[in-house]
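FYI, it's all coordinate maths here, none of it is from the lab. Predicted model only: the values in this text are computed from it and were never measured. Cβ atoms come from the backbone with ideal geometry, glycine included; neighbour counts cover every protein chain shown.
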Amino acid sequence: MPREIEFLFDYGSPNAYLVHRAIPAAEASGAVAFRYVPVLLGGIFKAIGNQSPMAAYGHIGAKVAYDRLEMQRFMAAHGITEFVMNPHFPVNTLLMMRGAVAAQELGCARAYNDAMFKGMWEQGLKLDLPDVWERAVTAVGLPAAQLAELAANPEIKARLVANTESAVARGAFGSPTFFLGDEMWFGKDRLRDVVEAASR
């Protein structure tokens, strides 16, 4: 049986997108399986007083340049060529993330995750607009009306809040975050480390 790795994500994180793209290769050996856990990155930041790297370090030119280089290295290592910076960034991800919980409930999370990550970081869509979100969902054959209705359900909203609060309680401070049991890893560059730990 593959060991489960929890992947705490928010579609608003470009590094979470890169991890999403690299996960299929990581799972190919059959040694590990990733469980996607939707969280609100803004909620995590608010709870602990954190902020996005761009807000924290955007004024430090060398840091911004190095982060860009690090992304390029990761993409080259994993054969990712489709990434584009979303021109609407930052995009409010509340609708998307509630939709992620709804998609898990409906059993279509894999297709939904692909649609949202691609919409954000390949197609540059402003997915906080309901009509843009609906078109992106419909384009991949998912039931947009059913997902929208479920995403507005108080139980689904509460589940996303609970995921976010649990992440904070476990020590998460950003996305992508991984958990192997109670042990945490943070950042796309820890993907290989957590896979190696789970494979041992």
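The table that follows gives values for the structure above.
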item: Amide H within-cut-off set for F9, under 5 Å, with H built and near neighbours excluded; result: V37, V39
item: S166, S29 arranged by Cβ crowding within 10 Å, fewest neighbours leading; result: S29, S166
item: Burial ranking of peptide ranges 93-99, 111-117 (average Cβ count within 10 Å, highest at the top); result: 93-99, 111-117
item: Fraction of antiparallel bridges per DSSP, region 3-199 only, in percent to nearest 5; result: 50
item: Cα-based equivalent ellipsoid of region 2-93: semi-axis lengths in Å, sorted from largest, via gyration tensor; result: 25, 19, 12
item: Where Rh is the Kirkwood radius over Cα pairs, Rg/Rh for region 11-151; result: 0.97
item: Dimensionless Rg ratio for region 93-164, taking C-alpha atoms and the 2.2 N^0.38 Å reference; result: 0.99
item: Value in Å of the Kirkwood radius, where region 46-91 supplies the Cα pairs that are averaged; result: 12.5
